[in-house]
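Single-structure report; data block below.
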Amino acid sequence: SYELTQPPSLSVSPGQTASITCSADKLEDKYVNWYQQKPGQSPVQVIYRDNQRPSGIPERFSGSSSGNVATLTISETQAMDEGDYYCQAWDISTYMFGTGTRVTVL
Amino acid sequence: EVQLVESGGGSVQPGGSLRLSCTVSGFTFTTSWMHWVRQASGKGLEWVSRINSDGSDITYADSVKGRFTVSRDNAKEKLYLQMDSLRAEDTAVYFCSTEKFDFWGQGTLLTVSS
């Protein structure tokens with residue numbers, strides 16, 4: 001089965017940059033979306049189609065993709081950015097979520 | 001305002017059945033593909049199923065294929081997930097989501113336990 005691999009956790013200081021990677025075979029052939037999920041809440045899309053930001057998402061969230069790795073970057077990280085982040089892609093009518101990364105701001 | 005509201009969750013014994021519903025508003029449901037996604041407690045997101053706008057094209061995750069059935073009623077603006085032969089590992093919060101995963105419901109909890 002197709003797997004999207006993310007680091008389990010990431011710690012970042014307020015104001016610094018957090019970079020979350022998502023890796024998979026042939027990822028360059030697919031669009032990647034990213035979601036933020038806070039405890040007890042539903043996921044919120046923060047990036048779609050590799051690098052597009054939905055309306056209402058702060059500019060400090062950005063996305064990129066190169067080769068088999070997609071990256072979500074949070075610039076000038078704030079305490080409110082703490083949470084779990086998931087990448088997501090699809091392939092021939094099958095949709096996959098990444099393993100998830102817990103971002104801690106401290 | 002786009003809204004998705006799941007309902008129908010609850011507790012069921014292994015081998016049992018349950019039907020979840022997702023009631024939507026604020027967007028054109030009749031032309032929208034829809035998804036079900038689940039999340040076990042403390043675990044990641046798992047895609048479950050996708051249905052196209054008229055119900056003629058449906059896909060499932062291997063983990064639920066043959067046991068779960070997704071359907072929709074466009075006149076009522078409702079999405080359904082019929083879950084049969086339930087197992088303990090189906091215990092999760094179930095979310096409905098729009099075609100591009102840009103809007104999500106709040107989720108409904110299914111617990112499968114004896």
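Per-residue HN-Hα couplings for segment B:48-58, Karplus 6.51 cos²θ - 1.76 cosθ + 1.60 at θ = phi - 60°, whole Hz, x for Gly and Pro?
10, 7, 9, 10, 7, 5, 10, x, 8, 9, 10
Given a cut-off of 32 Å, name the pairs among A:Lys30/B:Lys76; B:Lys76/B:Lys100; A:Lys26/B:Lys43 whose C-alpha atoms lie farther apart than that in the structure shown. Kindly include the intermediate steps, with their values, before the conclusion.
Working: A:Lys30/B:Lys76 34 Å; B:Lys76/B:Lys100 21 Å; A:Lys26/B:Lys43 25 Å.
The answer is A:Lys30/B:Lys76.
Just going by the charge dipole of chain B, with Lys and Arg at +1 and Asp and Glu at -1 on Cβ, which of B:Gln106, B:Gln13, B:Leu45 is farthest out on the positive end?
B:Gln13
Where in chain B lies the longest segment free of trypsin sites (Lys or Arg not before Pro) that are both loop residues by DSSP (not H, G, I, E, B) and have at most 16 other Cβ atoms within 10 Å? Walk me through the numbers before you get to the answer.
Details: sites that count: B:Lys43, B:Lys65, B:Arg67, B:Lys76, B:Arg87, B:Lys100.
Between the exposed loop sites, the longest stretch runs B:1-42.
Which whole number gives the average, over all residues in B:92-103, of C-beta atoms from other chains lying within 10 Å of the residue C-beta?
Details: counts 0, 2, 0, 2, 0, 5, 1, 0, 6, 10, 7, 4.
Per-residue shielding by partner chains comes out at 3.
Jot down the radius of gyration and Dmax of segment A:1-74, Cα atoms only, both in angstrom.
So, for segment A:1-74, Rg and Dmax equal 12.5, 38 Å respectively.
What list of ³J(HN,Hα) couplings, whole Hz, do you get for segment A:42-58 from phi and the Karplus terms 6.51, -1.76, 1.60, once you set θ to phi - 60° and write x for glycine and proline?
Calculated HN-Hα couplings, in order: 7, x, 10, 6, 10, 9, 10, 6, 6, 8, 9, 9, x, 4, x, 8, x Hz.
Considering only B:Asp62, B:Asp84, B:Asp102, give the residue with the highest GNM mean-square fluctuation for chain B, with springs between Cα atoms whenever their separation is below 10 Å.
Maximum fluctuation in the GNM of chain B, among the listed residues, is at B:Asp102.
Given an 8 Å cut-off on Cα distances and at least 6 residues of separation, report the relative contact order of chain A as a percent.
Details: 261 pairs, mean separation 39.8, N = 106.
After rounding, I find 38 percent.
Give the Cα extents of the protein assembly as shown along the principal axes, in whole Å, largest first.
49, 39, 34
Taking a label point 7 Å from the Cα of B:Arg67 along the Cα→Cβ vector, which residues of segment B:83-114 have an amide N closer than 17 Å to it?
B:83-95, B:109-114
At 20 °C and a viscosity of 1.002 mPa s, what translational diffusion coefficient does Stokes-Einstein give for chain B, taking Rh as the Kirkwood radius over Cα pairs? Give it in µm²/s as a whole number. It would help to have the intermediate numbers written out before the result.
Numbers: Rh = 13.9 Å.
D, rounded to a whole number, is 154 µm²/s.
Pick from B:Thr28, B:Thr69, B:Thr59: which residue has the top mean-square fluctuation in a GNM of chain B where Cα pairs under 10 Å get a spring?
Taking springs between Cα atoms under 10 Å, the residue moving most is B:Thr28.
Top mean-square fluctuation among A:Gln88, A:Gln16, A:Gln45, Gaussian network model of chain A, C-alpha springs under 10 Å?
The residue that fluctuates most here is A:Gln16.
Which far-off residues, 5 or more places away or on another chain, put their amide H under 5 Å from the one on A:Ile47, with H placed in the peptide plane?
Here the answer is A:Trp34, since their amide H atoms fall under 5 Å of that of A:Ile47.
What Kirkwood hydrodynamic radius, in Å, does segment A:61-106 give when the mean of 1/r is taken over all pairs of distinct Cα atoms and then inverted? It would help to have the intermediate numbers written out before the result.
Numbers: mean 1/r = 0.0818 Å⁻¹.
That comes to 12.2 Å for segment A:61-106.
Each value in this text was obtained by applying a stated rule to the coordinates, not by laboratory testing. Everything numeric here is computed off the predicted structure, so don't read it as measured data. Counting neighbours? That spans all protein chains shown, and the Cβs are built from the backbone with ideal geometry, glycine included.
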